[in-house]
Structures are given as C-alpha cells and as structure tokens.
Amino acid sequence: MTPSRHTNTRSHFDQARLRAEEERTDQQQRAVRTVAGQARDRTEFTALLSMLGLNDPARHPLTLNRLLAVYIHQVAAAIGVPVEATGYEVSDTATAYLGLDLRCSTRPDHDLMLVWDERLGWYVGVETSPAEAPAIIAYLDGDIVPPPADIAQFVIDAAAGRGVTRIRPVLPLTERTVLAEKMSAVCQAVH
C-alpha cells in the first residue's frame, strides 16, 4: 500500500470511529433522558444509570467524553500511534493513555507510554508491570490541552532525553466545561 493510500485509509477509519463515537454518545444521551423520565428521585436515577453502565451527566458531561475521544485520536494520529493502542476515561479524573512503540536508553527493555491526566497534563513514562510504580521520564510544560503537534514533538524529545522536565507540574484544576472548550478549540484547529 502506498503511503498516501495508507494515510487516506487511516483518515477514513478515523472518521468512521469518530462517527461511531458520536452515535454512541447520542444513544447514551437518549438513554439518560429515558431513565430521567422513569426514575422517582435522584438516587434511583443514579442507580439506574449505573446499572446501564452510564455516567450521570451532572457529574460526568458526555461532551467532555466525546471531545477527549476526538483529542486523543488526533494526538495518536500526530504521533503515529494506532487507535487500538489508546484509551481514555472520564470518571472522577479524566485520563488518557497511548502506548508508544518507543524505548529510552535508561530502560531499553520496556516500551514507553504517553499519559494525559486533567490534573498533571501530559507525561511520558516507562511501561511497567501493574505492581510497579510508574517510572515517569518527562512532563510536558505549558497548557493542559496543547495542540497534537506539540505533543508529538514532546514525545520525540522525551524519548531522546532532550529538553524535558522531570519536575511534576502544578497545574490549577481546570473546570470541566473549560477543559471541554479548550479541547474543542484544539480539535477544530487541527481540522
């Protein structure tokens, strides 16, 4: 397959995944409205949502979940990480994970991982066993939601040991609506 055809196929695949995510979000919103109409009180509403594996929209906006999915897929595309090597979650903390096919000289027997956390921002760590504490090798300074190209450069620099900080950032907690707005702006700027 030629590089341009591979890129075109990848683009169609990413668009299909995004459409599927949007459809899933729409179905979840409809299910939440149905549950809201049937529940007798807030406690029952929360319990019913939990049984269905849905989040309470008052605590976990679906908008942030959808925008985080788009943002993570754009970051993965900028880095060259397949979508299957990514994961994200919006719960008490919004987080994301990207498995990297890179290694660093200090731990050449382990792959690297790129992680995002709404409190810590982006960082690169060494993949370890679940019993081990993560070995962080670099934090990305700056905005909590930087453009995907900046993150791609950060990954290259971190893997090479260039221009990275190992000091944990102290970021002010960003309100989730503001976080969603930042992600929306970055995601639209990429298109």
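Quick notes on this structure:
- Considered as a group, the residues in the stretch 89-99 that are in contact (Cβ under 8 Å) with a residue 24 or more places away in the chain and surrounded by fewer than 21 Cβ atoms within 10 Å (Cβ to Cβ) include one that is nearest to Val155 (Cα to Cα), and that residue is Gly99.
- Residue ID - farthest from Pro82 (Cα to Cα), chosen from residues in the stretch 96-117 that are out of contact with any Gly (no Cβ under 8 Å at 6 or more places or on another chain), of a type outside the set (A, V, I, L, M, F, W, C) and assigned to a strand (DSSP E or B): Asp117
- Residue within the stretch 138-145 that is outside any loop (DSSP other than H, G, I, E, B), over 30 Å from Ser50 (Cα atoms), out of contact with any Phe, Trp or Tyr (no Cβ under 8 Å at 6 or more places or on another chain) and not hydroxyl-bearing (Ser, Thr, Tyr) present: no
Conditions (1) at pLDDT below 90; (2) more than 16 Å from the chain's Cα centre (by Cα), marked per residue:
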| position | (1), (2) |
| --- | --- |
| Arg107 | yes, yes |
| Arg119 | yes, no |
| Ala135 | yes, yes |
| Asp141 | yes, yes |
| Asp157 | no, yes |
| Val164 | yes, yes |
| Thr174 | yes, no |
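- Here Val81 meets each of (1) assigned to a strand (DSSP E or B); (2) closer than 24 Å to Cys187 by Cβ with one exception, condition (1).
The values are calculated or read from the model by the stated rules, or taken from the named source; none is laboratory data. Because the structure is a prediction, the values reported are computed rather than measured. For neighbour counting, all protein chains shown are included, and Cβ atoms are generated from backbone atoms with ideal geometry for every residue, glycine included.
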